[in-house]
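Worksheet for the structure shown next.
The values are calculated or read from the model by the stated rules, or taken from the named source; none is laboratory data. Given the structure is predicted, the values throughout are model-derived calculations rather than measurements. Note: ideal-geometry Cβ built from the backbone for every residue, glycine included; neighbour counts use all protein chains shown. For the accessible areas, the whole protein counts, side chains as well, though only heavy atoms, and no ligand, DNA or RNA atoms are used. Shrake-Rupley method; radii C 1.70, N 1.55, O 1.52, S 1.80 Å.
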Amino acid sequence: MHTLSPSLQSLVSHHLATMDHVALLLALREGGEHAHSAMELAKRTGLDEAVVRRVLDDLVSARLVGGGADGFRYDPARDVAPAIDELAELYRTKPVSLVRAIYERPPRAVQSFADAFRIRKEGE
């Protein structure tokens, strides 16, 4: 099994609850700065438009994509972009490892409890 970097592990555990999240994030990444409607993204990914809207809300809340009246575009924080690049590479080369990382992670409540006891570096 592929070992995820700490930044990708964090991205997956905090913001990518399903493979639908991954598919939409990577579809927007491929689209560059061009804005896409939820309907366009639904057609492009083969996902139901209601699912697309729900996942886009999650991705906007996580500040991984930008959303506005003109549509949605790839717009992650600069420090998260390398983890998304790693995500894209893992999706391309080892999709089973990615699926396992997403669906075998601890439930959010357990993860939150574990995070409370994680030792942080000074300045974090």
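Observations on the structure shown:
- Tabulated pairs, the stretch 40-52, first touching a residue at least 40 places away in the same chain (Cβ under 8 Å) and at positive phi, second charged (D, E, K, R) and open to solvent by less than 60 Å² (accessible area, probe 1.4 Å), C-beta under 7 angstrom, 6+ apart or interchain: none
- Inclusion of residue 29 among residues that are within 25 Å of residue 101 (Cα to Cα) and at pLDDT 95 or above is warranted.
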